[in-house]
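The values are calculated or read from the model by the stated rules, or taken from the named source; none is laboratory data. Worth saying up front: this structure is predicted, and the values here are computed from it rather than measured. Ideal geometry is used to build each Cβ from the backbone, glycine not excepted, and the neighbour counts take in all protein chains shown. In case anyone asks, the SASA skips ligands and DNA or RNA and just uses the protein heavy atoms, side chains included. Shrake-Rupley method; radii C 1.70, N 1.55, O 1.52, S 1.80 Å.
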Amino acid sequence: MDAAIKEAAVSRFLREYPQMERAACDHPALLGCTDVDWSQIPGCPAGIPVLLRSLLDEVVGPAALPVLENVLMNSVFHVSAVMPAVLPFLIRLAAVPGIAVRPDLVELLVLAANLSLPVNADDERQVMMFGKDCDHPERDWCRAAFAAHACDLRALLEEGTLPDGLISVDDREFLLRVAEPQRCPS
């Protein structure tokens, strides 16, 4: 999906929900959202802060989520350059109890973590599906974002924080591994 299509989808959303542009952006999960220079991120539509703010709305959140997901993904196998900048907010939003899109946000975090794994350059099938790491720096940027916000991610995954059934044991363990400091090969 190219940038023009993503921008058009965000514009359509903003026309359907104009009240979200005027909504206050003072929720702790979105702290720093207005400080990000979204226009400097390749392929990033201007309405990202509004989409993130909209996720908090019980009625509008379910409509905002697929628009945001389209912006965050370049294809089924590739995250966009926008994903690393949005990850801190997704992690904090997923920790908000009662948010209508919470299960989807947790799934999106698992997907982002999976798609940001390094690709084994010796595995032709992996390279064919996901491309080479040198051609997809957004994977490394996502890993860096997960590492930078590991405390928030671990807090989200603590026992009793998420309702039972919201995340599988395997996905919880996987995200906890993503939150661990990465060791450099010797």
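The table below gives the values:
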read-out: Percent accessible area from carbon and sulfur atoms, the chain, protein chains only, probe 1.4 Å; value: 54 percent
read-out: Dipole of the chain, positive end: most advanced residue of A63, G98, V119 [Cβ charges, Cα centre]; value: A63
read-out: The chain: relative contact order in percent, alpha carbon pairs under 8 Å with at least 6 residues between; value: 18 percent
read-out: Dipole magnitude (debye, nearest 20) for the range 106-184, charges at Cβ of Lys, Arg, Asp, Glu; value: 200 debye
read-out: Ranking by accessible area, most exposed first, for M128, M83 with a 1.4 Å probe; value: M128, M83
read-out: Whole-number accessible area per residue in Å² for the chain, which is evaluated in the context of all protein chains at 1.4 Å; value: 54 Å²
read-out: Dipole magnitude of the chain, debye to nearest 20 (Cβ charges: Lys/Arg +1, Asp/Glu -1, about Cα centre); value: 260 debye
read-out: Lys/Arg +1, Asp/Glu -1 at C-beta; the range 55-186 dipole; positive extreme among L162, H149, N74; value: H149
read-out: Alpha-carbon centroid distance for the pair the range 117-183 / the range 16-74, whole angstrom; value: 22 Å
read-out: Listed residue (L108, L52, L14) projecting farthest to the positive dipole end of the chain, Cβ model; value: L14
read-out: M129-E159 pseudo-label distance in nm [points 7 Å out on the Cα-to-Cβ vector]; value: 3.4 nm
read-out: Protection-proxy order for peptides 19-31, 50-62, each taking the mean of Cβ atoms within 10 Å per residue, highest first; value: 50-62, 19-31
read-out: Value at 222 nm in deg cm²/dmol, rounded to 500, when DSSP H runs of n ≥ 4 in the chain each add -39,500 (n - 2.57); value: -16000 deg cm²/dmol
